[in-house]
């Protein structure tokens, strides 16, 4: 993967180092200040080993700090809207958090990142994806489009925006594993619109050699006991089902990396 070091998903260590990025940055900040103080105290003396030592230690920890960013833990980015964010419930019970629990139970070294944003459209997703790519992404779960469909936006425009997102992500992380999550719209949107919209996701998955998850809300949509009173957003029980659905597609991808 571009600019990333290999990582053992089953172990508690990166293949290239043991220290976390935050631990090394903390040590770097403390020691660099100490070294600079020592350097200042002896700056007027003609020859003091302490000055050399201070610079040596400072350089070492600067190098370690940079290296730590390259060995950060592999990440799964769940990129979606309110369905991903966990609208109306505690985010700790949204499906990305439940998948993190499954990851922990399996003893895998992966971080599930919930990048869901309520009200997000495919166009909005494209506008913010560059910011999210500042950190490492190993698995990308693209779960946008539902709000486009509910607003009756052009299926062609939605497909274009989603393709732009995929292109940007794959350009930055060439070996990334991608899951395209399908969505459906209610029948009152009209048969023609419904069929055009729902065909987007399979087409994108095929074009980009990605995994297709046909419908995020399988077994949840239109079932009152799994949804909030608004009938649209899943409740905690609904998110449990979604987590199982997503995990069934995500786990095989993770296993191929072990």
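Can you give the FRET efficiency for residue 222 and residue 73, using 1/(1 + (r/R0)^6), R0 = 41 Å, r = Cβ-Cβ distance, to the nearest 0.05? Please report the intermediate quantities before stating the final value.
Numbers: r = 38 Å, r/R0 = 0.92.
So the FRET efficiency works out to roughly 0.60.
Using the Kirkwood radius built from alpha carbon pairs, what does the Stokes-Einstein equation give as D for the stretch 178-257 at 25 °C and 0.890 mPa s, in µm² per second? Intermediate values should be presented prior to the final figure.
Values: Rh = 13.8 Å.
For these conditions, the coefficient is 177 µm²/s.
When only C-alpha pairs under 8 Å and at least 6 residues apart count, what is the relative contact order of the stretch 118-197, in percent?
Answer for the stretch 118-197 is 39 percent.
Taking every pair of Cα atoms in the stretch 75-154, average 1/r, invert it to obtain the Kirkwood radius, and report Rg/Rh to two decimals. Don't jump to the answer; show the numbers that get you there.
Numbers: Rg = 13.2 Å, Rh = 13.2 Å.
Rg divided by Rh gives 1.00.
Among the DSSP beta bridges whose two residues both lie in the stretch 75-255, what percent are antiparallel, rounded to the nearest 5?
Numbers: 1 of 17 bridges.
Close to 5 percent.
Over the Cα atoms of the stretch 122-258, what is the Rg over Rh ratio if Rh follows Kirkwood? Mind dumping the intermediate values first?
Working: Rg = 15.3 Å, Rh = 15.8 Å.
So for the stretch 122-258, dividing Rg by the Kirkwood Rh gives 0.97.
Would you mind checking the stretch 168-187 for residues with the amide N under 20 Å from a putative spin-label position 7 Å along Cα→C-beta of residue 151?
181-187
Which stretch or stretches of the stretch 107-124 have amide N atoms under 20 Å from the point lying 7 Å from residue 193's Cα along the Cα→Cβ direction?
Under cut-off, by backbone N: 119-124.
Give me Rg over Rh for the stretch 140-199, both radii from the alpha carbons and Rh done the Kirkwood way, two decimal places.
On the way: Rg = 12.7 Å, Rh = 12.3 Å.
Ratio of gyration radius to Kirkwood radius for the stretch 140-199: 1.04.
Of the listed peptides 197-210, 143-156, what is their order by residue-averaged count of other C-beta atoms within 10 Å, with the highest listed first? List each step's numbers first, then the result.
On the way: 197-210: 17.3, 143-156: 20.1.
The packing order, highest mean first, is 143-156, 197-210.
Read the figures in this text as sums done on the coordinates, not as results from a lab. Quick caveat, the model's predicted, so the values are computed rather than measured. With ideal geometry, Cβ positions are generated from the backbone for all residues, glycine too; neighbour counts draw on all protein chains shown.
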